[in-house]
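No lab work stands behind these numbers, since they all come straight from the coordinates. These figures come from a predicted structure and were not determined experimentally. Cβ placement follows ideal geometry from the backbone for every residue including glycine, while neighbour counts extend to all protein chains displayed.
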Amino acid sequence: MEKKIVNSFKYAIQGIKSAFKSERNMKIHVIIMILVIISGILLKISTFEWIICIILFGLVIGAELFNTAIETVVDIAMPEKNEKAKIAKDVSAGAVLVMAIASAIIGVMIFLPKILNLCN
């Protein structure tokens, strides 16, 4: 039983590594996440603001992982051009975009007042 759990974690980590290596947008999301973490430390955001940021990190990275999985499955199932396959891939990419935009707006709401306070 314990070996199955360990393998599950191992496979999940392999999936994250694979997405990071193969997906440009995953790299962009991780770089932005690191910049937000550094900014959060420097600007001393509150515990509640950290919780919000961590939830958003998980949602955006998770959405990107789902998008990568959907695109991969579609490519396997439909290697030739197909309008419905394109819609599936575009919609999953759109979901990531919606999540990233919402996260960016929330990030501005958290960080902009702190940055403006530094300027005063």
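Volume per residue for the range 1-46 equals 88 cubic angstrom (convex hull of Cα atoms).
Summed over qualifying helices (DSSP H, 4 residues or more, each -39500 (n - 2.57)) and divided by its residue number, the chain shows a 222 nm mean residue ellipticity of -32000 deg cm²/dmol.
Eigenvalues of the alpha-carbon gyration tensor of the range 58-120, scaled by 5 and square-rooted, set the equivalent ellipsoid semi-axes at 37, 10, 7 angstrom, largest first. Within the listed set Leu97, Leu65, Leu43, the Gaussian network model of the chain (springs between alpha-carbon atoms below 10 Å) gives the highest mean-square fluctuation for Leu43. Averaging the Cα positions of each part gives two centres, and for the range 5-77 and the range 104-120 these lie 23 Å apart. Restriction of the trypsin sites (Lys or Arg not before Pro) in the range 21-120 to DSSP coil positions whose beta-carbon has at most 16 other beta-carbons within 10 angstrom yields Lys44, Lys81.
Across the range 1-77, how many lysine pairs, 8 or more positions apart or on different chains, have C-alpha atoms separated by under 27 Å? Please give the number. The result is 8. Normalised radius of gyration (Cα atoms, divided by 2.2 N^0.38 Å) for the chain: 1.31.
In this structure the amide hydrogen of Ile45, modeled in the peptide plane, comes within under 5 Å of no amide hydrogen from residues 5 or more places off or on another chain.
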